[in-house]
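*Asks:* Once you've had a glance at the structure underneath, I'll fire off some questions.
The values are calculated or read from the model by the stated rules, or taken from the named source; none is laboratory data. Owing to the predicted nature of the structure, the values given are computational and were not obtained by experimental measurement. Here Cβ is always computed from backbone atoms with ideal geometry, including for glycine, and neighbour counts include all displayed protein chains. Quick note on the areas: whole protein, heavy atoms, side chains included, nothing else; ligands and nucleic acids left out. Shrake-Rupley method; radii C 1.70, N 1.55, O 1.52, S 1.80 Å.
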Amino acid sequence: MIIAKDIVKTFKSGEKELSVLKGISFEVKSGEFLSITGRSGSGKSTLMYQLGLLDVPTSGKVIIDGKDVSDLSTDERTWVRLSDLGYIFQDYALIPELTALENVLIPLMMLGLTLKDAEAKAVKALERIGLGERLGNVPSQLSGGEQQRVSIARAIAHEPKIVFADEPTANLDSETSKVVLQNFIELNREGQTILMVTHEPEYAALTDRIITLSDGMIVSDTINKNKR
Amino acid sequence: MTLTFLNLVVVRGVLVGLLQGSTDVYKSRFAGDIIITNLPKKNYIENSPSIIEIAGNLPWVDKLTYRYVEGASAEANYKTRIDFTEEPDTTAGSVVGINPALEDAATHISNTVVEGRYLTDNDAEGILIGANMLKKYLDIEAPGLTLLENVAIGDKVRLTIGENRKEFVVLGFLQSKVDQIDFRMFILDTTFRNLAGRGDYNVDEIALVLKEGADEQVVKEALMASGVGEYARVQTWFESLPKFLLDIQNTFGLLGNVVGSIGLVVASITIFIVIFVNAITRKKYIGILKGIGIDKTAIEFAYVLQAFFYASVGVLAGMVIVWGFLVPFVAAHPIKFPFSDGILVAEVPNTIVRAVLLIIATLIAGYIPARIVVKQNTLDAILGRK
């Protein structure tokens, strides 16, 4: 599904160079629920941005479904993000003026779906995530957990190849976090590939595979046989 | 945006309308649609009776009036003058012989009477005096300018045309803000012919008012084809306007455009700031939209659309105010300038051009800041990095 080959990411700060990722390679298989974990500053979010085409690695390759996407133009990367990938951010990243339904509608309409088809897909995604009753609510009328679930609905509505979730429970209390993670588990059971960044071992333990980063390098890559 | 549109349309509209008021009165009170006058170096229109007949028989002509015009001087208070070392109470200008009924039907000149009354066919010894020949209406001191003082309705004045002199009773004063009325005196045509020795019935001006919808150029060409051009100068009212008036009108139009252009720049800057502040405060959301794959052109288009919304709502509101309120209001209550009753000119094509200009300027001003913000790095925008 997605292959990372020797990903290096270096940031320049004045004359200094800071290597955040130091040659990371791994493969995510289709239908896998993978978590990337590690201490703060270990490079887990930076790695997700490279794999999710939100950033360009200093060197190395990202291959999605057999296609090298490392050298794509900005517009081509945008299109891949829109059509093949889904994103869930730590702070929900919803447009405050738009309702839950409209937030989910935006990428679908950008994909060229008619309003009717886009609406049908958006409603289906929101219902799938248990928010069928909150379609007309704007984010400020929703709880943190509900907002994050709208964000999940937005990420899955167009049936992406892979969903990237960056610390999706960081702003949520433990009860709400469990609901959100339960949504992830259910989506994964239905075949959705998910790559989640988290610093909570408890949540990482819910995934199929756990990659642990330290200082920009993979220190462990384990299949979670004790998946709860 | 509405205020900018009003600035764009109304400033020019008032400046142009100031002169438009003048030219409208010139047309309605003096020239009609077509004005026939002496050829250069001729004292009158030769063969006038036949020209009047030709013009009067044209199917497009609704009203016709003719005028005899001569230079004359008028003297007042000559009976009470005691000290002959003092200058007499005189003024010089033109005296016009008119058929009162024909003149009033064509130009409604009787509406310009500000004191006294209009002429009738029985007023063989009556005279109307233009306001600008009277000190009480034109209280200015200018070298060489002498005006009648202490003249009231019912007073007698002595009119001299060439060698001939006759006493008249002042029937009324006229004020129209058109020199061709305000700087003239009016008497009956029959009286004029006797006084000026115009037994040949040759006149100096023939004004034609056309029927609704008639084309001035067509009528002018018909008159020329009938040979009128051999004896007289045939002009549309617009062609006969004094050149300085057209020059001032064009200058005012230009001034209006300059002021309007400044307004356009101010509007563009305002929209730029509004959209820029809007976009910069939403930088994170723009980043998120780009992050989830929304094309940057679509985001830019959304801001351009927003700018278009501001502009079109502003323009529409402006148009409603201009055409629904300001134009009819100023038409009903003209702005009283000393030399004209100013109206508000907001012609449809001209106003549409300004509206389109404002919308285009707004779209550009909306696009630029949107582009600046959208161009920023997606990840930096999402993470709130500078």
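*Asks:* Filter region A:91-124 down to the residues that are within 14 Å of chain B (Cβ to nearest Cβ), outside any loop (DSSP other than H, G, I, E, B) and open to solvent by 50 Å² or more (accessible area, probe 1.4 Å) and list them by number.
*Replies:* Of everything in region A:91-124, those that are within 14 Å of chain B (Cβ to nearest Cβ), outside any loop (DSSP other than H, G, I, E, B) and open to solvent by 50 Å² or more (accessible area, probe 1.4 Å) turn out to be A:Glu102, A:Met109, A:Met110.
*Asks:* For region A:125-173, which positions are under 18 Å from A:Leu195 (Cβ atoms), modelled with pLDDT of 90 or more and open to solvent by 60 Å² or more (accessible area, probe 1.4 Å)?
*Replies:* A:Lys161 - this is the single residue of region A:125-173 that is under 18 Å from A:Leu195 (Cβ atoms), modelled with pLDDT of 90 or more and open to solvent by 60 Å² or more (accessible area, probe 1.4 Å).
*Asks:* While we're on this one: Test A:Leu47 against the stated conditions and say whether it is within 14 Å of chain B (Cβ to nearest Cβ) and either over 15 Å from the mean Cα position of the chain (by Cα) or not in a helix (DSSP H, G or I) (or both).
*Replies:* no
*Asks:* Pairs, please: C-beta under 7 Å, at least 6 apart or cross-chain, first residue under 15 Å from A:Glu102 (Cβ atoms) and in region A:124-153, second acidic (Asp, Glu) and assigned to a loop (DSSP other than H, G, I, E, B)?
*Replies:* Final answer for the pair search is A:Val138/A:Glu97.
*Asks:* Of the residues B:Ala346, B:Ala298, B:Ala307, which single one is away from every other protein chain (no Cβ under 14 Å), among the aliphatic types (A, V, I, L, M) and part of a helix (DSSP H, G or I)?
*Replies:* Within the list B:Ala346, B:Ala298, B:Ala307, the selection yields B:Ala307.
*Asks:* Moving to a separate point now. Here's a check for you: in region A:176-228, which residue that is among the polar types (S, T, N, Q) and more than 16 Å from the chain's Cα centre (by Cα) is modelled with the lowest pLDDT?
*Replies:* My answer is A:Asn226.
*Asks:* Give just the number: which of (1) closer than 19 Å to B:Ile35 by Cα; (2) open to solvent by 20 Å² or more (accessible area, probe 1.4 Å) does B:Ala196 not satisfy?
*Replies:* (1)
*Asks:* Okay, moving on. Within region A:55-73, work out how many residues are touching a strand residue (DSSP E or B) at 6+ places or on another chain (Cβ under 8 Å), within 14 Å of another protein chain (Cβ to nearest Cβ) and over 12 Å from A:Ile7 (Cα atoms).
*Replies:* Total satisfying the criteria: 2.
*Asks:* Restricting attention to region B:275-310, report how many residues are more than 19 Å from A:Pro96 (Cβ to Cβ), of a type in the set (D, E, K, R) and surrounded by 18 or more Cβ atoms within 10 Å (Cβ to Cβ).
*Replies:* Adding up the residues that qualify gives 2.
*Asks:* Against the definition (more than 12 Å from chain B (Cβ to nearest Cβ) and in a helix (DSSP H, G or I)), how does A:Leu34 come out, yes or no?
*Replies:* No, not satisfied.
*Asks:* Determine if region B:138-158 includes at least one residue that is under 30 Å from B:Leu210 (Cα atoms) and either within 24 Å of the chain's Cα centre (by Cα) or in the same structural domain as B:Phe339 (by TED's automatic domain parsing) (or both).
*Replies:* Within region B:138-158, not a single residue is under 30 Å from B:Leu210 (Cα atoms) and either within 24 Å of the chain's Cα centre (by Cα) or in the same structural domain as B:Phe339 (by TED's automatic domain parsing) (or both).
*Asks:* Enumerate the strands (runs of 3 or more DSSP E) found wholly within region B:1-112, keeping only those where 1 or more residues are open to solvent by 40 Å² or more (accessible area, probe 1.4 Å) and not basic (Lys, Arg).
*Replies:* B:61-76, B:89-98
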